[in-house]
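Trainee: Dropping the structure in here first, questions after.
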């Protein structure tokens, strides 16, 4: 079906194997040196996988929506969905987000202003199905038809004539996983409506009522985290082994001998990292250790179950799972008796622990929480460590994690630091709370199965890559000029690593990536030069 | 009492009840999780770049610095000039601004008509020749009335054709959206014809307001005047029943959600509300939820079923 002819009510069409097919030639062109870049087409799933997973939205799969074989199974699915829909609008079941939900549901005037703000819509060559309003309008039509008195009678007049069948539900569920929840659309909405919130509510409905969720977020995410201690599968015992390795690596890199403190009862600070750092970027953990030790802070990590992993994928799809994880974090902090919890470089953990967690950490568990950006600013700007900015004399730009900036307003601390330590720092356009998502938000960064990685590189990550390239002058884009993109968030960092790989930008542009603390340590005069490695990309 | 007056009384009653129900509905929803969106205009010294108090070291030990004047300024710009849509969608703003300004001025016009009616009831004259406040009200009513009609009419017509004009916008606009805009235009056209032909100085309409306030018969009214009053009354009742009364929701969206950065403190009001909500029963049916327990139990116990 051609893109321009797709309408919201087509979501229920049974005669289409696939509602939309991505045409790589329609994607917006990237700037030099990618002006002749040919985006590869989406990978087709094998016939076996096609038999197993529904691909009727756009051919990409990051949610294994169960197939039905009989009319009875379809009817049962539809009935369950409609029951769940009622629960979504009830105080008992959804007091957590009912207010923003009904306000957004009631008041969209369908002006489509949100579309221009959405990086997925723009980067897909304006594919109709990725228009923020497309998804929201389908939900509104279903609600108006099935939950409003007289809704079925007035369906044609109110534009609610949409069928709820297997195709509608499968495609709607998958559509909820084509939005990164970056909330850029909400920022531009003249009514204050929030399509990101609606997307999350759709995810919740499928998870909390029908038990349908991406395995990376649920089985391999929150469930694994609650069971083993970390969504990476890292147990407390394995963690300690890893710490020994990190201490040795720290010494190898810097010449410094340092112990990573664990379970220090009564420390001022409990630092919680995204455990993905331990496995993929141990230098981030090491850099925090060097800075905090050099600044003489009283701090500790925790080796308690869940206490060493700030990840909370419940934030993206399920209120119960979100609360279970964050309450474990609160319990760990309370038991240690720390004065405050400092959250490492992880955007969604900031939001989970500080913004949403603000309403969940109650009474004696309400331990104050602070962003590491703030703690680090205090250290750097008050000269608690000695720095030589000339060590960072290469072009540096910075990505703003959406959760940290748009959802929490933490914008200046990291800038003050980077302006002080990076002589060639330059902003992306736009930046701060108007930033573009890295394309890995809402769990996409960790979704590596089937053909979804291709989608998130060529569609949801495209705008960010364009921004990164544009941050450097044409001359600076040359392979000979080493350059750095600072992404002070674990998931964003993973996504940017994958973008660099997909576009071969390490080879073509010598584009390195990393966090903020790595730049700080790279400039520390007490540390051997060369903390940031330019002969290695990982 | 005449039938036409009944229509107006009923319309006012329906409108007021509908608005009250709407306000009550939004106001009684339990305290939600925080879901603010930056920039938040009351963040003193930080609103300009979208910053928050969370940028401060040990923020919970510092007094909150709020700039309520900036928040009021932001609200005024949003309400009067539709600042948001101006920045992000100029095409819609071009038509939405006159439409909204027309309605604001229309509210002012209704206030002047009521003021004029009260002046008349108290034995004063409101006319061109009355002098003093009587003349002032006469002219002000005319200026506001015609301006409101023209601006609303142009705005509604512009929005109608904007919805109709592009394939994309048409695809998302339901018949009701076209009907609503045409309804506004119908009221405006009837009102303009009425006042150009029957009641150019609004004296007859003011007389009708006198009859409404004093519960006395309105007397014989021209056909156009009857049409204007009936259509206007129906519109008054209809707006609060539809999404067009979004000013109510907009207040709650901005103050309770988008700009609500109030931190939860130990022993505070927010904490008490959340604790109350934690005793609500969970009805979600997925295996990992543990249906039937309270939220407080569900979130503090390990899921028995790991699906």
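Each reported figure results from applying straightforward, stated rules to the coordinates on display, with no laboratory input. Note that the coordinates shown come from a computational prediction; the quantities given were computed from them, not determined experimentally. We place every Cβ from the backbone using ideal geometry, glycine too, and count neighbours over all the protein chains shown.
Trainee: Would you mind computing, in nm to one decimal, how far apart the modelled labels at residue B:189 and residue A:507 are, each placed 7 Å from Cα along Cα→Cβ?
Mentor: Spacing of the two 7 Å Cα→Cβ label points: 6.7 nm.
Trainee: Taking the 0 to 90 degree range and rounding to the nearest ten, how far is the long axis of helix B:203-214 tilted relative to the main principal axis of chain B, both from C-alpha atoms?
Mentor: Result, in degrees: 60.
Trainee: Using Cα centres only, tell me the gap between the stretch A:272-336 and the stretch A:62-112 in whole Å.
Mentor: First find each Cα centre; the distance between them is then 33 Å.
Trainee: Taking the Cβ of each residue in A:407, A:12 as the centre, tally the other Cβ atoms inside 10 Å and list the residues starting with the fewest.
Mentor: Neighbour counts put them in this order, fewest first: A:12, A:407.
Trainee: Label points 7 Å out from Cα along the Cβ direction at residue B:25 and residue A:390: separation in nm?
Mentor: Placing both labels 7 Å along Cα→Cβ, they lie 6.8 nm apart.
Trainee: What is chain B by shape, rounded, prolate or oblate, if you read a ≥ b ≥ c off the alpha carbon gyration tensor as root eigenvalues and call it rounded for a/c under 1.5, prolate for a/b larger than b/c, and oblate otherwise? Mind showing how you got there, number by number?
Mentor: Numbers: a/c = 2.12, a/b = 1.95, b/c = 1.09.
It is prolate, given that a/c is not under 1.5 and a/b is the larger ratio.
Trainee: Here is a follow-up. Just check the stretch A:298-450 against the gyration tensor rule for me: Cα atoms, a ≥ b ≥ c as the square roots of the eigenvalues, rounded for a/c under 1.5, and otherwise prolate or oblate depending on whether a/b exceeds b/c.
Mentor: Details: a/c = 2.18, a/b = 1.35, b/c = 1.61.
Verdict is oblate for the stretch A:298-450.
Trainee: Right, something else. With both bridge residues required to lie in chain A, what share of the DSSP beta bridges run antiparallel, to the nearest 5%? Present the calculation step by step, with values, prior to reporting the outcome.
Mentor: Working: 1 of 20 bridges.
If we restrict to bridges inside chain A, about 5 percent are antiparallel.
Trainee: Turning to a different aspect of this structure: Let me test this: with uniform point scatterers at the alpha carbons of the protein assembly as shown, what is the Debye-based log₁₀ I(q)/I(0) at q = 0.04, 0.06 1/Å?
Mentor: -0.20, -0.44
Trainee: Just to confirm my numbers, what's the Cα centroid distance between the stretch A:426-443 and the stretch B:140-170 in Å?
Mentor: Rounded to whole Å, the Cα centres lie 37 Å apart.
Trainee: Moving to a separate point now. Mind checking the angle between helix A:195-208 and chain A's longest principal axis? C-alpha axes, 0 to 90 degrees, to the nearest 10.
Mentor: Between the helix axis and the principal axis of chain A, the angle is about 80 degrees.
Trainee: Any idea what Rg and Dmax come out to for the stretch B:116-245 if you just take the C-alpha atoms, in Å?
Mentor: 17.5, 58
Trainee: Further, regarding this structure: For A:116, A:304, A:283, B:301, which order do you get if you count the other beta carbons within 10 Å of each Cβ and list the fewest first? Intermediate values should be presented prior to the final figure.
Mentor: On the way: A:116 15, A:304 18, A:283 23, B:301 11.
Least to most surrounded, the residues fall as B:301, A:116, A:304, A:283.
Trainee: Report, to the nearest 10°, how far helix A:98-107 tilts away from the longest principal axis of the Cα atoms in chain A, using its own Cα long axis and a range of 0 to 90°.
Mentor: In chain A, helix A:98-107 runs at an angle near 50 degrees to the longest axis.
Trainee: For the stretch B:241-307 and the stretch A:190-266, what is the separation of their C-alpha centers, rounded to whole Å?
Mentor: So the two Cα centres are separated by 24 Å.
Trainee: Mind running the shape call on the stretch A:52-124? Use the C-alpha gyration tensor, a ≥ b ≥ c as the square roots of the eigenvalues: rounded below 1.5 for a/c, prolate if a/b tops b/c, oblate otherwise. Before the final figure, lay out each step's value.
Mentor: Working: a/c = 2.53, a/b = 1.14, b/c = 2.23.
Taking the square roots of the gyration eigenvalues as a ≥ b ≥ c, the stretch A:52-124 is oblate.
Trainee: For the residues A:408, A:1, A:191, what sequence is obtained by ranking on other C-beta atoms within 10 Å, fewest first?
Mentor: A:1, A:191, A:408
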